[in-house]
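Report on the structure given below.
The values are calculated or read from the model by the stated rules, or taken from the named source; none is laboratory data. None of these values were measured; they are calculated from a predicted model. Note that each Cβ is placed from the backbone with ideal geometry, even for glycine, and that neighbours are counted across all protein chains shown. With ligands, DNA and RNA removed, areas are computed over all heavy atoms of the protein, side chains included. Shrake-Rupley method; radii C 1.70, N 1.55, O 1.52, S 1.80 Å.
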Amino acid sequence: MFDKFLFNKRTLYLSLILVPLSLIIGIGIIKKWGINFADLGPYGDFLAGTTVPILTFISFLALVMTLNLQKEQIDNQRKEFKENRDQIYQSSLPERIINLEESIDILRETIKEIELLSREDFLDHLTKSPHERELKLFGLSENYVLKETDNFKKITISTSKKVRKHVVRVNTETYKAFIKFKNDIFSINFNQKRKIDSDFTAFYQKRMELYMDSYPLLVISGPLSEIPLTDDENRELNKLKSQLYRVDQECIQLLSNAYSELTIKLNNILEKLINDLK
């Protein structure tokens, strides 16, 4: 190869020999033919003028050849890297598929749990007002403060952690889908609670102001629910509970949609991975 010719030891030794050779030839010409040293100037200028362009062109060709060889080497390295990467990807596909299937199984189980939460006893629905019906995701503390139930924490936090543990071992596309899902869950929680949380906070603060003098211990240490409410206060509280019930039902539906959307995306990715494995 040309690059070997340029950089091996034989070429180096040959170059070192040629350097003094021109001096020896010049001295030999002077001694043998008796040519005056001063007369060699024009001949030297002539030879330099005719050979330098040729040598420069040859050097340029050598540089081009060297660059082409380097490009060829880089292309070969890229090809080898791609082949190695493809081999690694193919060998990791079974593990990726298993992790993705585990994620989908977790999501499907959670969807079933959400469906159970969304079901309501028909008779209970007919006989009870909204403020009397059971809340599935949200609740009220004894101080009328909005709180999240264990069901909500399990669906939005615990399940997300389980799914994430598997999706991070699949690929970038899967993890991006999970991040969007997690952001959607956060938005659902924030937006749904925002609808009603401030109203309950206002109700709580109003009770504290009204009963600070008459029930100081309950106001300071609670629970406020032990303070008897007037008819107007009961109506206001029942109205807030009815709103909370609707928020609770909306949140269940939104969470179900978010889980279903992620499940569909992961199933599509799973299909691609299975096709890559064939």
Tell me whether region 94-115 contains one or more residues that are in a helix (DSSP H, G or I), open to solvent by less than 50 Å² (accessible area, probe 1.4 Å) and within 30 Å of Leu224 (Cβ to Cβ). no
Starting from region 142-162, take each residue that is under 19 Å from Glu102 (Cβ atoms) and list its partners that are open to solvent by 50 Å² or more (accessible area, probe 1.4 Å), counting only C-beta distances under 9 angstrom and pairs at least six apart or across chains. Lys154/Glu113; Ile155/Glu113; Thr159/Glu109; Thr159/Glu113; Ser160/Lys182; Lys162/Glu102
Can you go through Ile220, Ile227 and tell me which one is of a type in the set (Val, Ile, Thr) and in contact with a helix residue (DSSP H, G or I) (Cβ under 7 Å, 6 or more places away or on another chain)? Ile227
A careful count of residues in region 212-248 that are open to solvent by 30 Å² or more (accessible area, probe 1.4 Å) and either among the hydroxyl-bearing types (Ser, Thr, Tyr) or in a helix (DSSP H, G or I) (or both) gives 20
Before we move on, is Lys193 open to solvent by less than 60 Å² (accessible area, probe 1.4 Å), closer than 30 Å to His166 by Cβ and among the basic types (Lys, Arg)? yes
List pairs: first in region 90-117 and under 14 Å from Asn171 (Cα atoms) and modelled with pLDDT under 95, second open to solvent by 30 Å² or more (accessible area, probe 1.4 Å) and among the aromatic types (Phe, Trp, Tyr), Cβ under 9 Å, 6+ apart or cross-chain? Arg96/Tyr89
I'm trying to understand the selection: among the residues of region 149-186, which are open to solvent by 50 Å² or more (accessible area, probe 1.4 Å) and either hydroxyl-bearing (Ser, Thr, Tyr) or under 30 Å from Leu218 (Cα atoms) (or both)? Asp150, Asn151, Lys153, Ser158, Thr172, Tyr175
